[in-house]
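K.L.:
After the structure tokens below, expect a handful of questions from me.
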Amino acid sequence: MTGFSRRFVLGGLLSGAASAALAEAPLTSLRPMPRAGGAVAVPSAPTATRTAASAEALVAAAQLGGKVGFVVADARTGLVLEAMNGAEPMPPASVSKAITALYALEHLGAGHRFATRLIATGPVQGGRLAGDLVLAGGGDPTLSTDTLGDMAAALRAAGISSVAGRFVVWGGALPFVRAIDTTQPDYLGYNPAVSGLNLNFNRVHFEWKRAQSGYQVSMDARAERFVPKVYTTRIAVADRDRPVYTYSDRGEVEEWTVARTALGKGGSRWLPVRRPELYAADVFQTLARAQGITLPTPQVAKSAPRGTVIVERASDTLRPVLHDMLRFSNNLTAEAVGMSASMQRGGVRGHAQSGPAMSDWLKARAGAGTARFVDHSGLGGASRISAMDMVTALARLGPGQALRGILKEFTLRDANGKVMQNHPVQVDAKTGTLNFVSTLAGWMTAPDGTDLVFAIFTGDVARRDAIPDAQKEQPPGAPEWVRRSKRLQQQLIERWAAVYGA
């Protein structure tokens with residue numbers, strides 16, 4: 001579909017849908033009569049149509065360049081009310097996480113938990129472990145320094161004060177990948193490594209303060225209750241203007257430098273971790289030391305550990321984990337839960353195969369023939385799906401997994417960007433943003449109670465691809481472009497509420 005149309009029905013959009021409420025969807029087009037100009041007339045259109053700005057006019061006024069694709073449908077019947085470029089595959093950005101949530105819920109189950117364990121390979125004699133101590137990750141994307149601090153205290157409470165053997169860390173519960181998207185700059189905290197042992201979303205906290213002789217810099221693994229210093233990552237201030245950051249991996253220590261001219265008076269930011277197992281081991285060793293437990297230099301295990309579980313800490317159940325993933329759009333969580341789902345489904349050995357496996361699943365479950373995911377977070381710009389297939393997936397699979405209930409409420413704003421309190425339109429949706437890509441998909445409830453399901457994709461891919469590496473974090477013109485796109489998204493939502501929810 002290339003162009004604009006209204007009021008037709010997707011053939012088989014909701015046939016076979018899990019929700020009985022959606023089983024009444026008509027399967028043939030209502031075949032409205034064309035009108036002058038090629039657009040399709042709306043049969044029995046509400047009076048509000050005469051006053052609401054046309055979708056074509058709203059898109060033209062946004063002046064986004066590239067392409068705009070959208071589809072809105074009645075959530076109960078599957079009747080597609082309006083569409084523009086609905087069949088065009090476009091980058092979904094973080095809207096991909098809504099599909100990842102459905103994928104994970106189906107294959108892992110809403111009650112799934114990720115466990116992190118301390119395993120002993122020998123007996124405890126007089127407070128001394130006569131064997132190895134293994135910190136074994138279970139793929140938990142939410143593991144924090146506070147959790148490791150509690151595990152260190154539990155280890156001490158179990159009567160262990162020293163280890164005769166080795167201190168071993170294992171992250172093989174999930175395949176390792178050095179970065180989610182290798183085309184992104186090294187220093188972006190939202191593009192870390194992924195492993196079966198992930199700590200603090202595989203980020204390290206870098207802080208700097210101006211001092212008399214230059215700058216004081218520090219790196220720590222802070223959480224709410226514990227702020228241990230990190231020894232497996234170092235940073236130094238360099239006398240240069242560009243690049244702002246450099247990174248090198250020298251054996252067991254990750255080395256960063258930062259340009260002095262970029263620091264100003266002081267500040268902080270999160271930097272990504274590329275060796276997550278050693279990072280977690282480093283932090284746990286410090287926290288254990290605070291409990292009076294002496295641990296040897298950590299070693300990374302290549303095979304799954306065997307022994308007695310001394311301490312175990314499980315994550316929250318999957319549904320609240322996904323709720324936070326969707327709310328904060330966390331990339332590490334999306335990759336970890338998506339990879340876990342692929343491994344549960346079977347036949348997938350690495351991250352490069354996991355995104356395509358989710359694509360195949362979506363094609364089988366929702367007929368989404370345009371789906372082509374390269375990851376589970378949407379960070380990779382090569383992922384594609386059409387607005388039509390996105391709406392189909394939400395309409396078919398969302399109700400059965402109660403997806404709307406874990407999506408973030410989308411706040412509507414006035415012309416000055418201020419949140420409009422008590423707005424009569426309720427929107428629960430997932431947003432997505434890449435450079436010159438802005439997306440939104442989910443559900444909305446009009447003032448009269450009509451529920452609609454929609455997807456809005458905007459993207460100027462050629463402009464995105466032309467960004468030099470040095471400007472990828474903050475390319476000129478991108479913030480204003482995103483502002484116009486988000487304004488268009490809200491205008492379309494308000495139009496649909498006025499026209500189809502009257």
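K.L.:
With A57, A48 as the choices, which residue is more than 24 Å from G172 (Cβ to Cβ) and at pLDDT 95 or above?
P.N.:
Just one listed residue meets the conditions, A57.
K.L.:
Go through (1) at pLDDT 95 or above; (2) among the aliphatic types (A, V, I, L, M); (3) surrounded by fewer than 17 Cβ atoms within 10 Å (Cβ to Cβ); (4) within 17 Å of M444 (Cα to Cα) for M420 and report which single condition fails.
P.N.:
Unmet for M420, out of (1) at pLDDT 95 or above; (2) among the aliphatic types (A, V, I, L, M); (3) surrounded by fewer than 17 Cβ atoms within 10 Å (Cβ to Cβ); (4) within 17 Å of M444 (Cα to Cα): (1).
K.L.:
Mind checking whether some residue in region 198-210 is farther than 19 Å from S144 by Cβ, free of Cβ contacts under 8 Å to residues at least 60 places away in the same chain, surrounded by fewer than 22 Cβ atoms within 10 Å (Cβ to Cβ) and touching an Asp or Glu at 6+ places or on another chain (Cβ under 9 Å)?
P.N.:
No, every residue in region 198-210 fails to be farther than 19 Å from S144 by Cβ, free of Cβ contacts under 8 Å to residues at least 60 places away in the same chain, surrounded by fewer than 22 Cβ atoms within 10 Å (Cβ to Cβ) and touching an Asp or Glu at 6+ places or on another chain (Cβ under 9 Å).
K.L.:
Check A368 against each of (1) surrounded by fewer than 19 Cβ atoms within 10 Å (Cβ to Cβ); (2) part of a loop (DSSP other than H, G, I, E, B); (3) at pLDDT 95 or above and name the one condition it does not meet.
P.N.:
(1)
K.L.:
Right, another one. Within region 248-346, which strands (runs of 3 or more DSSP E) (wholly inside it) include 3 or more residues that are touching a residue at least 40 places away in the same chain (Cβ under 8 Å) and surrounded by fewer than 22 Cβ atoms within 10 Å (Cβ to Cβ)?
P.N.:
Fully inside region 248-346 and qualifying: 266-272, 298-300, 308-314.
K.L.:
How about region 212-233: which of its residues are assigned to a loop (DSSP other than H, G, I, E, B) and touching a His at 6+ places or on another chain (Cβ under 9 Å)?
P.N.:
Of region 212-233, the ones assigned to a loop (DSSP other than H, G, I, E, B) are 212-213, 221-228, 230-232.
Passing the criteria: A221, R222, V227, V230.
K.L.:
Report yes if some residue within region 279-298 is in contact with an Asp or Glu (Cβ under 6 Å, 6 or more places away or on another chain) and modelled with pLDDT of 95 or more; otherwise report no.
P.N.:
Checked region 279-298: no residue is in contact with an Asp or Glu (Cβ under 6 Å, 6 or more places away or on another chain) and modelled with pLDDT of 95 or more.
K.L.:
Any residue in region 147-176 that's within 30 Å of G347 (Cα to Cα): show its pairings with residues that are among the hydroxyl-bearing types (S, T, Y) and not in a helix (DSSP H, G or I) at Cβ separation under 6 Å, as long as the two are six or more apart or on different chains.
P.N.:
G171/S195; F176/S195
K.L.:
May I pose another question? Test E409 against the stated conditions and say whether it is closer than 25 Å to F201 by Cα, free of Cβ contacts under 8 Å to residues at least 24 places away in the same chain and not hydroxyl-bearing (S, T, Y).
P.N.:
Judged against the criteria, E409 is a match.
K.L.:
A follow-up question, please. Looking for something charged (D, E, K, R), in the same structural domain as A223 (by TED's automatic domain parsing) and either under 30 Å from R384 (Cβ atoms) or buried (at least 22 other Cβ atoms within 10 Å of the Cβ) (or both) - is there at least one such residue anywhere in region 127-143?
P.N.:
yes
K.L.:
For the list (1) touching a residue at least 24 places away in the same chain (Cβ under 8 Å); (2) under 26 Å from A301 (Cα atoms); (3) surrounded by fewer than 14 Cβ atoms within 10 Å (Cβ to Cβ); (4) not hydrophobic (A, V, I, L, M, F, W, C), I need the number of the one condition that N191 fails.
P.N.:
Here N191 clears every test but (3).
K.L.:
For region 347-364, enumerate the residues that are of a type in the set (K, R) and touching a residue at least 60 places away in the same chain (Cβ under 8 Å).
P.N.:
R349 - this is the single residue of region 347-364 that is of a type in the set (K, R) and touching a residue at least 60 places away in the same chain (Cβ under 8 Å).
K.L.:
Regarding G350, is this residue closer than 15 Å to A179 by Cα and over 17 Å from the mean Cα position of the chain (by Cα)?
P.N.:
yes
K.L.:
May I ask you to list the residues in region 456-465 that are among the hydrophobic types (A, V, I, L, M, F, W, C) and closer than 16 Å to A382 by Cβ?
P.N.:
Within region 456-465, F457, V461, A462 meet the criteria.
K.L.:
Just checking, does region 65-81 include any residue being among the aromatic types (F, W, Y), in a strand (DSSP E or B) and under 23 Å from the mean Cα position of the chain (by Cα)?
P.N.:
Checking region 65-81: at least one residue is among the aromatic types (F, W, Y), in a strand (DSSP E or B) and under 23 Å from the mean Cα position of the chain (by Cα).
Yes/no per residue for (1) surrounded by fewer than 22 Cβ atoms within 10 Å (Cβ to Cβ); (2) modelled with pLDDT of 95 or more; (3) charged (D, E, K, R); (4) more than 24 Å from the chain's Cα centre (by Cα):
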residue	(1), (2), (3), (4)
M388	no, yes, no, no
N416	yes, no, no, yes
I456	no, yes, no, no
G459	no, yes, no, no
R463	yes, yes, yes, no
A498	yes, no, no, yes
A502	yes, no, no, yes
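The values are calculated or read from the model by the stated rules, or taken from the named source; none is laboratory data. Computed from a predicted structure; not experimentally measured. Because the Cβ atoms are built from the backbone with ideal geometry, glycine has one as well, and the counts that use them run over all protein chains shown.
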